[in-house]
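So the structure is just underneath, and the comments pick up after that.
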Amino acid sequence: MYLNCHTWFSLHYGTFSEEQLCKLAQLNGVLTVTITDINNTSACLNFLRIAPSYGIKPLIGIDFRNEHHQCYVGIAMNRNGYLQLNNFLSEHLHHKKEFPDEAPNLKDCYFIYPFEKALKLQKTTFTEFERIGISLQNFNQFKFSKYTKEHFQSKIVFQQPVTFRNKKDFNTHRLLRAIDLNTILSKLPVDQQANEADKMIPQNELIQQFEDYPWILQNTQALVDNCDVQFEFGKGLNQNLKVYTSSKTEDEQLLKNLCQKRLEKRYSNPSTYILERLERELNAIIKLGFVSYFLINLDIIEYAKQKNYPFIGRGSGANSIVAYILGITNVDPIELDLYFERFINPNRSSPPDFDIDFSWKDRNDVTEYIFKRYKHTALMGTYVTFKRKAVARELGKVFGLPKENIDKLSSGYYNFQQLDHLEKLVLKYSSYIEGFPNYVSVHSGGILILNETVHQYAATILPPKGFATIQIDMHIAEDVGIHKFDILAQRGLSKITDAIELIKENQPEARLEDIENIQAFKNDKNINNLLKIGDCMGVFYVESPAMRGLLTKLQTDNYLNLVAASSVIRPGVSSAGMKEEFVQRHRFPEKRKKRILFYMKLCQILTV
C-alpha cells in the first residue's frame, strides 16, 4: 500500500520506469501501488496497462509541488477523479501558477498532506477526502503530535515516498537534481533533494512497523479499496471524434453526397469498376467507423483552400479513391493500381494515415483553426531523452571537471585506463542516465481531435506557441485508442507561394496554372524534360543526389516513372541490388525477356 511513488517521469528527480516500479513492488510483496509523479501524469496510462500482469492493483495520482516543496498528493478514486486532477494540474501548468496551500475540494479525489505540511499549516479541519500522510521517517515525531488524538485518527494514512531502490538510484537522483539546477554537486542544496530513505520495504516489515498503530494501515487499506481507475487498452479502440456533424447517419449521408458531387471532376466518364470500388470503399469506411476521420481531414483541406495555402495530402490514405475524389489527396489510386484494402479492411483497427503537408508559414494558422474548430484538441507530446554524450558533458560540469576533460569524455576518444576516479564516475552514470526522459516536447506533426476532453487521458502543458500539448507520447496514446492527425510542415511548399508572388509582381499579365490541376503538370513537357536530366533542386523528395542520379539513369520523362523511381530509391530495395536491376530493365527492355527465360530454365532444373 504505497501511495506516493515516483518514476523517471518525475523529471530530473525519479530514477526508474513504471515497469521497474512494478518489479520492485512484486519483489517486496506489495499488492497496491500508486504512481504520483511530480506535476506529471505521463506514466499513468501505461502503469494501469501493465501493473495487473505483475499482480498489482494500480492507483494513479499526482504529487503537487511548487518547485521542490511538496504541497499534497492527489489520488484519483475513479476516471472522473483522474480527469479532475488533470484539469487542476493543467490549469496551473498553463498559467504558471503556484499550487495553493490548501488542496481543492474535488469530490472524486483523495488529497494527502505530508505530516510536516499539516503541522506547518496547523491543519485541524479536514474535508471528507483529505488525509494526513505518515512516513517511516516521521513516524516517531507523529507519535508525540496532536494528530494521535482520537478525533484525528480516521484521517491518518501511511504515505511513504518511493523514489529509490538502492544507493545507486540515490546518487543518480542527486546528479539529476544538480543538472536540473545547473550547479556543481558539492553545492546542491539539501532541500532540493529527496530523503535517501524514500524506499519501499517489504509488506511484512511494514506491518511490523505499525503494529502499535494498526488503524493507520487500516485507514490506508480503506482508501485503496475506495479507488479504482479503469481504462480499456488494445486494438479496436478509437477515442477520436466520432461524429463530425450532429449524428453518424448525417455524417454518412454527407460523405456519400460529397463523393457523388465531386466524382465527375476526377472521373468525367467513370467506369463500372470505379463506381464499384467507390461503393466498396464507402461501405468499408462506414462499417469501420472512419467517416468522421475522412470528414475532419477534408475540413482541414477545405480551410487551407479558402486561404490559398498550398498543401499535399499523402500517407496510406492516398490508396483510397474516396480520398482522391474528395480532394484530400491528388493521388489517383486507379492510375497507380493502389489497393484500398491494404490500409482499410475489417482486420485493421486504427484509422488510415493521412499526412498533410503545409508550408511552414501556414501550418500555425491551420493548427489554430483546428484548435478553434474542434473542442477536445491537443498536440501530441513526445519525450526527449538523455543522450550519453550530452549526459557526459552535463555530468562533467556537475563534478566540476575542466572543459578539456569534459570535451574528451563527451567525444568518446580516451583511454579508459588513464582516466581518473571522477572521469570514470562521469562515464558510469552517463551510461546509467542515458535513455531517461529529459523533457516533454511536441510531436513533429501529431494533433489529437478527441471525442471527449483530452484531460481524460493526461494533463497538458502549454509550450511557447500556445497550443496545449498532452503529456503522453503516440505509443501509449495508440494503446488507449487515441490516433493522431498528421499536420506537417514542408519548406518546399513555401517556395511555391513565393514563386507565385514574384511572378505576379514581375509579370502581371502571365497566366498562372491552378496548382490543383494535376493533369496539366503531369503532362507538361518542360517539367518532364527537367526530370530527365535530374534538374530538380529545391523540389521536396526528389532533390537528393541519389534521387537525381536515379532519375538521370532512368531517363525519367513521365509521372509514372517518377512514382516508380521514388519506390526503388528506398534503402531496402537499393541494398538488395533491385534498384540497378530495375534501371537495366527499364532502359533496355530486351533484358526483361532474357531474365524471364533464365528463371524459366532455372525452374525446370529445380523441378527435375
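The values are calculated or read from the model by the stated rules, or taken from the named source; none is laboratory data. Keep in mind that this is a model prediction, so the values were computed, not measured. Because the Cβ atoms are built from the backbone with ideal geometry, glycine has one as well, and the counts that use them run over all protein chains shown. With ligands, DNA and RNA removed, areas are computed over all heavy atoms of the protein, side chains included. Shrake-Rupley method; radii C 1.70, N 1.55, O 1.52, S 1.80 Å.
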Study note, to complete from the structure: Counting only residues in region 305-341 that are within 25 Å of the chain's Cα centre (by Cα) and not β-branched (V, I, T), the one farthest from S567 (Cα to Cα) is identified as F311
Exercise for review: Hey, can you tell me all the residues within region 67-104 that are polar (S, T, N, Q) and touching a Cys at 6+ places or on another chain (Cβ under 7 Å)?
Suggested key: Q84
Practice item. Could you please give the count of residues in region 1-26 that are closer than 18 Å to A197 by Cβ, at pLDDT 95 or above and not in a strand (DSSP E or B)? Key: 9
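Only one of these is open to solvent by less than 60 Å² (accessible area, probe 1.4 Å), in contact (Cβ under 8 Å) with a residue 12 or more places away in the chain and under 30 Å from E581 (Cβ atoms): G549, G481. Name it.
Details: G481 fails: under 30 Å from E581 (Cβ atoms).
Answer to the selection: G549.
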Review point. Within region 220-228, is even one residue of a type in the set (D, E), modelled with pLDDT of 95 or more and either in contact with a His (Cβ under 8 Å, 6 or more places away or on another chain) or open to solvent by less than 70 Å² (accessible area, probe 1.4 Å) (or both)?
Key: no
Exercise for review: Assess whether L401 counts as being farther than 30 Å from C44 by Cβ, open to solvent by 20 Å² or more (accessible area, probe 1.4 Å) and either modelled with pLDDT of 95 or more or among the hydrophobic types (A, V, I, L, M, F, W, C) (or both).
Suggested key: yes
Check your understanding: What tally of residues in region 505-518 results from selecting those that are farther than 20 Å from A304 by Cβ and assigned to a helix (DSSP H, G or I)?
Key -> 2
Revision key, fill the gap. Within region 229-254, residues being open to solvent by 30 Å² or more (accessible area, probe 1.4 Å) and assigned to a helix (DSSP H, G or I) number 6
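When you go through N529, N517, N523 one by one, which is the residue that is loosely packed, with under 12 Cβ neighbours inside 10 Å and either touching a His at 6+ places or on another chain (Cβ under 6 Å) or within 30 Å of Y369 (Cβ to Cβ) (or both)? Walk me through it before giving the result.
Working: N529 fails: either touching a His at 6+ places or on another chain (Cβ under 6 Å) or within 30 Å of Y369 (Cβ to Cβ) (or both); N523 fails: either touching a His at 6+ places or on another chain (Cβ under 6 Å) or within 30 Å of Y369 (Cβ to Cβ) (or both).
Within the list N529, N517, N523, the selection yields N517.
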Practice item. Scan region 27-60 for residues that are in a loop (DSSP other than H, G, I, E, B) and within 18 Å of C71 (Cβ to Cβ) and jot them down. Key: N39, N40, T41
Practice item. Filter region 196-216 for residues that are loosely packed, with under 15 Cβ neighbours inside 10 Å and outside any helix (DSSP H, G or I) and give the result. Key: A197, P202, E211, D212
Revision key, fill the gap. When (1) basic (K, R); (2) over 38 Å from the mean Cα position of the chain (by Cα); (3) at pLDDT 95 or above are applied to K143, the one that fails is (3)
Study note, to complete from the structure: Checked against (1) surrounded by 13 or more Cβ atoms within 10 Å (Cβ to Cβ); (2) without any contact (Cβ under 8 Å) to a residue 12 or more places away in the chain, N257 satisfies every condition except (1)
Practice item. Scan region 1-22 residue by residue and report those that are buried (at least 24 other Cβ atoms within 10 Å of the Cβ) and either free of Cβ contacts under 8 Å to residues at least 40 places away in the same chain or within 20 Å of the chain's Cα centre (by Cα) (or both). Key: T7, W8, F9, S10, E18
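Residues that are in contact (Cβ under 8 Å) with a residue 12 or more places away in the chain and closer than 30 Å to F436 by Cα: list the helices (runs of 4 or more DSSP H) wholly contained in region 300-399 that include at least 2 such residues. Break it down stepwise before answering.
Numbers: elements: 321-326, 363-373, 388-398.
In region 300-399, the matching helices (runs of 4 or more DSSP H) lie at 388-398.
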